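Chemist: Submitted below is the structure of interest, expressed as structure tokens.
The values are calculated or read from the model by the stated rules, or taken from the named source; none is laboratory data. What you see is a predicted model, and the numbers here were worked out from it, not measured in a lab. Positions of Cβ are generated from backbone atoms using ideal geometry, with glycine treated the same way; all protein chains shown enter the neighbour counts. These accessible areas exclude ligands, DNA and RNA; they are computed on the full protein's heavy atoms, side chains included. Shrake-Rupley method; radii C 1.70, N 1.55, O 1.52, S 1.80 Å.
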Amino acid sequence: MHILRKLGFYLVALWAAVTLNFFIPRALPGSPVDAVLGKLALRGPVSAETRQAIEVMLGTDSQGSLPQQYVQYLGNLLRGDLGVSVTYFPTPVGQVIGQSIPWTLVLVGVSTVITFLIGMALGTIAGWKRGTWLDSLIPATTIMQSVPYFWLALLFVYILSVNLHLFPISGGYDVTLVRPALDYPFVSNAIYYAFLPALTIVLSSLGGWLLGMRNMMVSTLSEDYILTAEAKGLHPRRIMLTYAARNAVLPSVSGFAISLGFVVSGSIVVESVFSYPGIGYTMLQAVNNNDYSLMQGLFLIITVSVLAANLAVDLLYGIIDPRTRARG
């Protein structure tokens, strides 16, 4: 019954997000029809019949009212039809997202996992050995977190790419050297191109995980069960990992699961600076071109991933901390 209530809540939240997903892009200035007609006008005159056909295809025809467009939008979603992209016309939105999402999942997903693991490990040690030289690492990492993403990314590009020529300036791989395939040449080349964006994400977000885990460790070490474990003569490493870190990590687990939900959205700023072919860069192109269908498709994927991550947190907490099951 508890799980059914949670599922019902998330279904209502999904419907509300889908509704906002429909109305918000239409509140933006400009028209996706004009963007498509601008591209077609480069090839010659565009007739009124062509304009009407494009309006019908994009679901913005003036003959249908906004509620009718909304009903049509919901029907298309149920059929899995996300529409046609204006930015990459006439490519379907689903195909555009399918080409972009693997890049973001690998770049931001792997970077988030690496950052979380390093932050938890360093935070555990810093909290256990508080007052030592390890605490001096925390101000440096928090300063890195306060630095804007785009500034740090531009700094890496200027120093490591422009001046030292150690890494490429932009792109996801060398299109003249390799072709997308699950082989060593392409994977190694893609890792080479993703190193600077990944380094930017790791350094920009490490401080939060480290500081949060360190503070939770300090708070947990003052609990009575820690003193009891020390009085029993248990090994310090066992106390640190089994008793202290296991309980201190609970708030970080929920934050980590939610951050995994935002992995799909990627890092718009980082991907834009490096022109990395992920979801964030695609979203920026969609906004610049008033691409309703692509924006709605991207927002839908992001919404579903975030809601799924929150649902996973609720269910995972019941496994990690049995006390939450008793309250539920």
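Chemist: In debye to the nearest 20, how big a dipole does the chain give about its Cα centre with +1 on each Lys and Arg Cβ and -1 on each Asp and Glu Cβ?
Modeler: Charge dipole of the chain: 880 debye, to the nearest 20.
Chemist: Please give the FRET efficiency for Leu4 paired with Leu250, using the beta carbon to beta carbon distance and R0 = 25 Å, rounded to the nearest 0.05.
Modeler: 0.50
Chemist: Mind giving me the FRET efficiency for Val175 and Leu284? R0 is 22 Å, r the Cβ-Cβ distance, nearest 0.05 is fine.
Modeler: Computed FRET efficiency for Val175 and Leu284: 0.60.
Chemist: Pull up all non-local amide H partners of Val84: gap of 5 or more, or a different chain, and H-to-H distance under 5 Å with H placed in the peptide plane.
Modeler: Sorted by chain and number, the residues that satisfy this are Val93.
Chemist: Answer with one residue from Ala312, Ala245, Tyr193: the one whose Cα lies farthest towards the positive end of the charge dipole of the chain, charges on Cβ with Lys, Arg +1 and Asp, Glu -1.
Modeler: The residue sitting farthest along the positive end of the dipole is Ala245.
Chemist: Using the Cα gyration tensor of the chain, with a ≥ b ≥ c the square roots of its eigenvalues, what is the shape: rounded (a/c below 1.5), prolate (a/b larger than b/c) or oblate (neither)?
Modeler: Taking the square roots of the gyration eigenvalues as a ≥ b ≥ c, the chain is oblate.
Chemist: Considering only Val71, Val96, Val304, give the residue with the highest GNM mean-square fluctuation for the chain, with springs between Cα atoms whenever their separation is below 10 Å.
Modeler: Val71
Chemist: Can you tell me the dipole magnitude for region 59-218 around its Cα centre, using point charges on the Cβ only (Lys, Arg +1; Asp, Glu -1), in Debye to the nearest 20? Write down the numbers at each step before the final one.
Modeler: Details: 5 positive and 5 negative charges, 94 e Å.
Dipole of region 59-218, to the nearest 20 debye: 460 debye.
Chemist: Let me ask something additional. Once you've got the GNM for the chain with C-alpha springs shorter than 10 Å, pick whichever of Asn76, Asn247, Asn289 has the biggest mean-square fluctuation.
Modeler: Maximum among the listed residues: Asn76.
Chemist: Length gain on complete extension for the stretch Gln52 to Leu137, per 0.36 nm per residue less the alpha carbon to alpha carbon distance?
Modeler: That pair, Gln52 and Leu137, stretches by 24.4 nm at full extension.
Chemist: Once phi is turned into θ = phi - 60°, what whole-Hz ³J(HN,Hα) does the Karplus curve with 6.51, -1.76 and 1.60 give for every residue of region 184-195, x standing for Gly and Pro?
Modeler: Each residue's phi maps through the Karplus curve to give 4, x, 6, 4, 5, 5, 5, 5, 4, 6, 8, 5 Hz.
Chemist: Which length gain, in nm to one decimal place, applies between Val162 and Tyr192 when the Cα-Cα distance is subtracted from 0.36 nm times their residue separation?
Modeler: Residue separation times 0.36 nm, minus the Cα-Cα distance, leaves 9.2 nm.
Chemist: If you roll a 1.4 Å probe over region 138-249 with all protein chains in place, what percent of the accessible area is carbon or sulfur?
Modeler: 66
Chemist: What percentage of the solvent-accessible surface of region 77-128, computed with a 1.4 Å probe over protein heavy atoms, is contributed by carbon and sulfur atoms?
Modeler: Working: 1700 of 2360 Å².
Percent of accessible area from carbon and sulfur atoms in region 77-128: 72.
Chemist: Would you mind checking the tilt of helix 137-146 against the longest principal axis of the Cα atoms of the chain, expressed as 0 to 90 degrees and rounded to 10?
Modeler: 20
Chemist: Could you report the chain's accessible area per residue, 1.4 Å probe, as an integer in Å²?
Modeler: Working: 17720 Å² over 328 residues.
Per-residue value: 54 Å².
Chemist: If the elastic network links every pair of Cα atoms under 10 Å, which of Ala312, Ala194, Ala231 fluctuates the most in the Gaussian network model of the chain?
Modeler: Comparing Ala312, Ala194, Ala231 in the GNM, the peak value goes to Ala231.
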